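Q: The structure under discussion is supplied below as structure tokens; questions concerning it will follow.
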């Protein structure tokens, strides 16, 4: 770095530094509204730009709805009336940007964070919140690693991939009646993690993993591995990966005459998949964490409230809403919005949210989570079965 | 045995598509000694244009499906030929006397531009190829093959044959071969090298367009980034066969397809499960390296002196 020898430059730099410091110190003061209400700031992080912006905005609206309702209801913490304010940040679904905005929220001393949307963004950001002692509840990250980094500040209201993998593996053996299961994954953190859990669950349920094959998240030709799989005569082919691979894979299974059903996770359970797979989608069952909105305990009511304000629900808004309420409930239990104080109360929170029973286990995974399995009927995903997954770490 | 047969069929289909694209690389290299890295993107544009035409015409135009499909392929070929001509005119012709590295970097630049244009036009999403074809499956000897696979291989072989006829039996082909040997001398004999080079690009682009459509039909989808990996594989196929040699590109393409297929199918059992099918590409490129160690100019390539 160049050192300024010019005294004028030095003076200007010092002045700028002073202003910056002044700006910072102003933020650390506890802000109050004109009515003397204490302001509690909740960070809401999701991709608000780029291809996943619609999902990000959806999460953000879920947080806002919960905060507005709490304000309308009137929440008092330790005798002091409070007002919730939502601070929205855009992490662009990018792990690097996620850490930058996380640091920004920490510097702004928010009282808690709801986010991030993606596992890839939530995992690196979790460390930054942990170091600052700020609780983070993700409404949609499913990667197992998110809650396994040893951070007591990390929670989620969405069932994780281990819970999903267990349900999928059992479903393949018990409901689809396949004693022989072939497993393919795309070698990404998501695909591999999910496939490993499915493999374990298949064996636990008395099935046999007859083939374990791999591809990449950019491949479109699977004829070679499917030919190898065909020779092992499985009843079900499970794929841990996303829809752009799953669609041609299903088509190639048909053209190779593989007489097996196809099972996928939430990366496959997309509207995009239906479009790409066409008629080959008939052999597909795919899962998605959570419940279809109409099966949620408070689903109908939530949809009416939400739709009137923000338009149709995309996906995870109910989970963001429940996550925000879990945070507010912990603050009420502690009688304080101080992260250090209400963090201890978060694991004790238990209530019936929109998406079901909300409570956290020792790792911060949601305890009452559900997994729903879908078929394609008339060009739409139709729920066929919902399985309550139980705790992500403990019993089934 | 039936598995081996099936893997050979899988490889043959994949290989004939590689071969079509590889021909484009090898033709341009044969004449200009330029590796046209934008060629993979031309393949992608071909696929995208065909899908766009199909989506525009299919609902409610009332035309028979075969005609619409023909229009789609024809449109893709036309657009790609114009694109090939345009790329040559704008990006390569001004640099023909420049150091070869300049043209190479320009080629990479063109490839990035095309990718981003496609992303802007067709979006970042995968686009699906409409399901217009009735796929029938035939079983024989424990293996199965679809009418689509047969059509792809047959059409690819037909096009390759036609290309050989053009290059070795027509005036245009003779002019192309003459330009490849020496553009200046060919010019003295009344051949216009600029025209011949432009036509070479156009023919290569037409082959790429057909290959792109084949990929889109076969896998049922296309994506703005699909040209990169396809181009890389086809380029490797051209090098494997001996770049600059037409027969070499065909042989290299077919071989690469089959090696990939066999590699993915047998690498697991062969290594006792130590290496899985995720090493499919490693296996293919290992074969490529092995060939180049013992035959640096490729399988059918001839050792030629560096041309200044």
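Q: Could you please rank A:349, A:284, placing first whichever residue has the fewest other Cβ atoms within 10 Å of its Cβ?
A: The most exposed by this proxy come first: A:349, A:284.
Q: Evaluate peptide B:171-183: per residue, the Cβ atoms of other protein chains within 10 Å of its Cβ; return the mean as an integer.
A: Mean shielding count: 0.
Q: Looking at chain A as a GNM with Cα springs under 10 Å, which of A:51, A:234, A:139 has the largest mean-square fluctuation?
A: A:51
Q: Let me ask you something else. With 20 Å as the cut-off, how large is the P(r) tail for segment B:17-224, expressed as percent of Cα-Cα pairs?
A: 60
Q: With r as the distance between the Cβ atoms of residue A:96 and residue B:187 and R0 = 56 Å, compute the FRET efficiency 1/(1 + (r/R0)^6) and round to 0.05.
A: Once the sixth-power term is evaluated, E becomes 0.55.
Q: Express the relative contact order of chain A as a whole percentage, based on alpha carbon pairs under 8 Å and six or more residues apart in sequence.
A: Reported as a whole number, the value is 16 percent.
Q: Hey, another quick one. Please give the FRET efficiency for residue A:216 paired with residue B:168, using the beta carbon to beta carbon distance and R0 = 56 Å, rounded to the nearest 0.05.
A: 0.90
Q: Which FRET efficiency value, to the nearest 0.05, do you get for residue B:297 and residue B:132 by plugging their Cβ-Cβ distance into 1/(1 + (r/R0)^6) with R0 = 41 Å?
A: 0.40
Q: Another one. Which value at 222 nm does chain A reach when only helices count, each DSSP H run of 4 or more adding -39,500 (n - 2.57), with the total divided by all residues and rounded to the nearest 500 deg cm²/dmol?
A: When only DSSP H runs of four or more count, the value is -13000 deg cm²/dmol.
Q: Still on this structure, please answer the following. Can you tell me the length gained on complete extension of the stretch residue A:384 to residue A:71, counting 0.36 nm per residue apart and subtracting the Cα distance?
A: Between residue A:384 and residue A:71, full extension yields 108.8 nm more.
Q: Now, a different point. Rank these for me by crowding, B:286, A:222, A:306, going from fewest to most other beta carbons within 10 Å.
A: Ascending number of Cβ neighbours within 10 Å: B:286, A:306, A:222.
Q: Now for a different question. Quick one: helix A:53-73 against the long Cα principal axis of chain A, what's the angle to the nearest 10°, folded into 0 to 90?
A: Around 50 degrees separate the two axes.
Q: For chain A, modelled as a GNM with alpha-carbon contacts under 10 angstrom, which of A:182, A:383, A:231 fluctuates the most?
A: A:231
Q: Given C-alpha coordinates of segment A:57-190, what is the ratio Rg to Rh with the Kirkwood estimate of Rh?
A: Reported Rg/Rh, Kirkwood definition of Rh: 1.08.
Q: Further question: Determine the gain in length on full extension of the stretch residue B:271-residue B:61; use 0.36 nm per residue of separation and subtract their C-alpha separation, reporting nm with one decimal.
A: Computed gain between residue B:271 and residue B:61 is 70.1 nm.
Q: Any idea what the relative contact order of chain B is, in percent, if you count C-alpha pairs under 8 Å spaced at least 6 apart?
A: Once divided by the residue count of chain B, the mean separation gives 35 percent.
Q: Here's something else I'd like to know. Return the percentage of antiparallel bridges among DSSP beta bridges fully within the protein assembly as shown, rounded to the nearest 5 %.
A: 45
Q: Could you state the angle between the C-alpha long axis of helix A:317-334 and the longest principal axis of the C-alpha atoms of chain A, as a value from 0 to 90 degrees rounded to the nearest 10?
A: Once rounded, one gets 50 degrees.
Q: By how many nm would the segment from residue B:119 to residue B:286 grow when fully extended, if each residue of separation counts as 0.36 nm and the alpha-carbon distance is taken off?
A: 56.9 nm
Q: Now for a different question. Hey, in the GNM for chain B with a 10 angstrom Cα cutoff, which one of B:216, B:143, B:205 fluctuates hardest?
A: Top of the fluctuation ranking is B:143.
Q: While we're on this one: Which value in Å does the Kirkwood hydrodynamic radius of chain A take, with 1/r averaged over all unlike C-alpha pairs and then inverted?
A: Evaluated over chain A, this radius sits at 22.4 Å.
Q: Mind grabbing the base-10 log of I(q)/I(0) for the protein assembly as shown at q = 0.08 Å⁻¹? Debye formula, identical points on the C-alpha positions, no solvent, two decimal places.
A: Per q value, in the given order, log10 I(q)/I(0) is -0.74.
Q: With a 10 Å Cβ neighbour count serving as the proxy for reagent exposure, in which order, fewest first, do A:250, B:291 appear?
A: Placing the least packed residue first, the sequence is B:291, A:250.
Q: Here is a further query. Return one number: the angle in degrees, 0 to 90 and rounded to the nearest 10, between the long axis of the Cα atoms of helix A:161-170 and the longest principal axis of the Cα atoms of chain A.
A: Between helix and principal axis, roughly 20 degrees.
Q: Next up: Give me a single rounded figure for A:246-256: the average over its residues of other chain Cβ atoms within 10 Å of their Cβ.
A: 4
Q: Add -39500 (n - 2.57) for each DSSP H run of 4 or more in chain B, then divide by its residues: what number comes out at 222 nm, to the nearest 500 deg cm²/dmol?
A: Value at 222 nm, helices only, nearest 500: -24500 deg cm²/dmol.
Every number here is computed from the coordinates shown, using simple stated rules; none is lab data. Here the structure is a predicted model, which is why all the values come from computation and not from measurement. Counting neighbours? That spans all protein chains shown, and the Cβs are built from the backbone with ideal geometry, glycine included.
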